[in-house]
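Following: one structure in C-alpha cells, then a few remarks.
We did not get these values from a lab; they are worked out from the coordinates using the rules stated. Since the structure is predicted, the reported quantities are computational estimates derived from the model, not experimental observations. A quick note on method: Cβ atoms are made from the backbone with ideal geometry, for glycine too, and the neighbour counts reach across all protein chains shown.
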C-alpha cells in the first residue's frame with residue numbers, strides 16, 4: 001500500500017482498489033468509467049450475482065447491445081509507449 005499520497009491508510013486502500021478496478025477493466029478492453037458506472041447502476045444485481053459483473057463476463061452482455069450502445073463500453077486506444 002502506498003499511503004504517501006493519501007491522507008490515511010484507509011484512503012490509500014480505497015485508491016488502490018479503484019486503480020485495480022480501472023486496470024482490470026482496461027486490460028479487458030472495457031472503458032473503465034463505463035465499467036464502474038455500470039456497476040453503480042446495477043448495485044442490487046451485483047450484490048446477488050457479482051460474478052456476472054466481472055469484466056470477462058460482462059463482455060458478452062456488451063456485445064449483445066446494439067452497436068451504437070456498445071461503443072461507450074470499449075476502451076479507447078492505449079497511449080503510445082514512452083520513449084526513453
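How far, in nm, would the chain grow between residue 57 and residue 6 when pulled straight, counting 0.36 nm per residue and subtracting the alpha carbon separation?
Working it through step by step, the gained length comes to 15.1 nm.
Assign one of three labels to segment 1-50, namely rounded, prolate or oblate, based on the Cα gyration tensor with a ≥ b ≥ c the square roots of its eigenvalues; rounded applies when a/c is under 1.5, prolate when it is not and a/b is larger than b/c, and oblate otherwise.
oblate
Please find the FRET efficiency linking residue 64 to residue 37, where r is the Cβ-Cβ separation and R0 is fixed at 22 Å, and quote it to the nearest 0.05.
Efficiency, from the Cβ-Cβ distance: 0.75.
Mind ordering 28-39, 54-65 by average Cβ neighbours within 10 Å, highest first?
28-39, 54-65
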